[in-house]
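The values are calculated or read from the model by the stated rules, or taken from the named source; none is laboratory data. The structure displayed is predicted, hence computed values, not measured ones. Ideal geometry is used to build each Cβ from the backbone, glycine not excepted, and the neighbour counts take in all protein chains shown. Surface accessibility is based on the protein's heavy atoms, side chains included, excluding ligands, DNA and RNA. Shrake-Rupley method; radii C 1.70, N 1.55, O 1.52, S 1.80 Å.
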Amino acid sequence: MTGAEHHWWERTGAAARRPGYELAVAYARSVAEEHVNPLLALGLPLSVAGAEGSFVFDQSGTALLDLRTGGGAFALGHRNAAVVRALVTAAGAVDMGDWQLPSELRTRLSKALSDSQPRGTWQWRFCVSGSEGNELALRTAVMATERTGLAAIEGGYHGQTGLAAAVTDPRYLHAKYPPLLAEPIRLAPDASAAGAIDESVAAVIVEPVQLTEAIRPLEPDFLAAIRRRCDEVGAVLIFDEVKCGLGRTGPVWAHERGHVAPDMLVTGKALSGGLYPVAACGIRTDGSNQALLKWRSDFRSTYGGSLLGMVVATEAVAQLTNEDNRRAFRDAGDELEAALNPSLGRRLHRMGMAFSIDFESPDHALFVASDLLHRGVLVPFPRASTLLLFPPFTLGTEEARTAARAIVAAADLADDLLWGIPNDDLR
Ligand SMILES: Cc1ncc(COP(=O)(O)O)c(C=O)c1O
């Protein structure tokens with residue numbers, strides 16, 4: 001941008017009159033304009049100054065009920081008391097640790113994650129983001145199979161890394177890195193599509209439930225067909241459960257629904273306890289894929305496996321897998337569903353603690369998201385015509401009712417203003 005250019009948001013009067021506008025503009029100039037633009041497009045300059053439980057607080061102390069939760073990273077709410085305690089206690093004894101020096105704290109998290117798996121024996125590597133976990137899984141598959149082909153499902157989201165390893169001198173990496181920007185095979189989520197996986201494919205990466213645009217569970221038949229085909233051609237099956245795992249879509253692991261086991265599993269987001277960036281890449285050590293048994297460490301990440309992060313994630317896994325807690329999380333979801341259902345009817349979909357509401361158009365969804373912000377409810381910026389909600393699992397009964405009232409009021413207003421017809425005709 002040259003100095004002479006002006007951004008549209010610098011010329012919009014409505015946002016400029018709101019408190020926080022100056023902070024938002026300073027952020028846009030010095031950090032990332034693209035974080036500020038969607039909020040200003042929704043009419044609200046927002047700078048997060050604090051967070052607690054189900055709420056984030058803006059610069060003026062206004063509370064926003066958080067149904068966005070960073071795509072599920074705050075599954076246990078903001079600054080969960082037990083997670084904060086674990087971190088503070090650990091900080092009295094350890095620091096991040098050196099990634100190459102063993103520590104019992106990593107063994108403990110590894111055991112907790114292995115114990116939560118429906119089947120198999122597992123080994124885990126720790127990193128700082130879901131993207132990095134997927135990167136490690138894909139690279140390990142490339143290395144183990146000595147193939148470079150990759151396959152993914154249409155609509156999948158797996159992260160944004162890759163080029164850094166591609167430009168690292170290959171002598172520092174055990175793996176031959178796939179050719180730059182090679183096009184993966186993209187499979188339609190249809191059992192007949194599995195035939196496209198051939199002997200050139202190192203790995204197939206799958207979110208058992210896609211949660212980026214809408215709630216899209218992959219059918220058990222499709223997952224079974226992919227599993228069979230991977231076994232036939234010797235490809236590695238990776239489940240990316242960064243978003244759908246750790247209870248977000250119901251079971252602790254989303255793939256428990258399909259009764260199909262992966263060779264590798266990547267987790268992140270909720271694993272952080274909302275407090276420390278931790279992700280993990282698991283590999284089945286008893287898997288049928290013989291090529292993977294050649295697996296060895298090709299992974300360096302300075303902050304990966306931070307000891308403070310290990311303590312936080314171990315507490316998060318304990319809370320997310322505890323049966324009493326899980327019952328309470330289900331009750332919280334039931335409460336929200338019961339409050340939304342009478343008004344939203346067929347528009348509402350739910351899997352575990354992932355909710356979506358279908359609107360008639362992208363404008364309609366954007367209007368509702370914007371109106372909700374002004375009613376004190378934060379939701380993910382909508383893609384297309386679906387609004388996704390990722391409430392904290394710890395949402396209280398009153399909070400669920402408050403959220404539902406706001407959502408129903410916003411949807412009704414959108415129907416009236418955008419369609420001008422009685423709401424009942426849309427349901
Ligand atoms: C399914 C899935 N995989 C991977 C990622 C990347 O995770 P991160 O943003 O921590 O790199 C995301 C992030 O939204 C995701 O939803």
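Suppose a student asked you for the relative contact order of the chain, using Cα pairs under 8 Å spaced at least 6 residues apart; what percent would you report?
21
Please express the shape of segment 298-338 as an equivalent ellipsoid: the semi-axes are the square roots of 5 times the eigenvalues of the C-alpha gyration tensor, given largest first in whole angstrom.
Sorted largest first and rounded, they come to 32, 11, 8 Å.
Tell me, in nm to one decimal, what length is gained between residue 171 and residue 196 on full extension, where the rule is 0.36 nm per residue of separation less the Cα-Cα distance?
In short, 5.7 nm is gained.
Where a ≥ b ≥ c are the square roots of the eigenvalues of the C-alpha gyration tensor, would you call segment 26-126 rounded, which needs a/c under 1.5, or, failing that, prolate if a/b is larger than b/c, or oblate?
Prolate, because a/c is 1.5 or more and a/b exceeds b/c.
Could you grab the Rg to Rh ratio for segment 35-193? Cα atoms only, Kirkwood for Rh.
Dividing the radius of gyration by the Kirkwood radius yields 1.02.
Is it possible to state the helix-based mean residue ellipticity at 222 nm for the chain, with each DSSP H run of 4+ residues giving -39500 (n - 2.57), the sum divided by total residues, to the nearest 500 deg cm²/dmol? What is it?
That calculation yields -11000 deg cm²/dmol at 222 nm.
Compute the relative contact order of segment 81-321 as a whole-number percentage, counting only Cα pairs closer than 8 Å that sit 6 or more residues apart in sequence.
On the way: 470 pairs, mean separation 78.0, N = 241.
It comes to 32 percent, rounded to a whole number.
Before anything else, pin down the relative contact order of segment 108-232: Cα pairs under 8 Å, at least 6 apart, normalised by residue count, whole percent.
With pairs under 8 Å counted, the relative contact order is 27 percent.
Between segment 32-80 and segment 220-257, what's the alpha-carbon centroid distance in Å?
Taking the Cα centre of each part, segment 32-80 and segment 220-257 sit 31 Å apart.
Give the dimensionless ratio obtained when the Cα radius of gyration of the chain is divided by 2.2 N^0.38 Å.
1.02
Where both partners of a DSSP beta bridge lie in segment 81-321, what percent of those bridges are antiparallel, to the nearest 5?
45
GNM on the chain, C-alpha springs below 10 Å: top fluctuator among 151, 81, 202?
Checking each option, the largest mean-square fluctuation is seen for 81.
Residues of segment 184-292: accessible area per residue at 1.4 Å, in Å²? Before the final figure, lay out the partial values.
Details: 3350 Å² over 109 residues.
Accessible area per residue, segment 184-292: 31 Å².
So how strong a dipole does the chain carry about its Cα centre when Lys and Arg Cβ are +1 and Asp and Glu Cβ are -1, to the nearest 20 debye? Display every interim value, and only then the final one.
Values: 40 positive and 51 negative charges, 187 e Å.
Using Cβ point charges on Lys, Arg, Asp and Glu, the chain gives about 900 debye.
Assign one of three labels to segment 188-334, namely rounded, prolate or oblate, based on the Cα gyration tensor with a ≥ b ≥ c the square roots of its eigenvalues; rounded applies when a/c is under 1.5, prolate when it is not and a/b is larger than b/c, and oblate otherwise.
Since a/c reaches 1.5 but b/c is at least a/b, the shape of segment 188-334 is classed as oblate.
Counting DSSP beta bridges with both partners in the chain, what percentage is antiparallel, nearest 5?
65
For an R0 of 60 angstrom, estimate the FRET efficiency from the Cβ-Cβ distance between residue 182 and residue 401 and round to the nearest 0.05.
With R0 = 60 Å, the Cβ-Cβ based efficiency is 0.75.
Give me P(r) over segment 81-321, computed from all C-alpha to C-alpha distances, binned every 5 Å, as integer percentages.
It works out to 1, 7, 14, 19, 20, 17, 12, 6, 3, 1, 0, 0, in whole percents.
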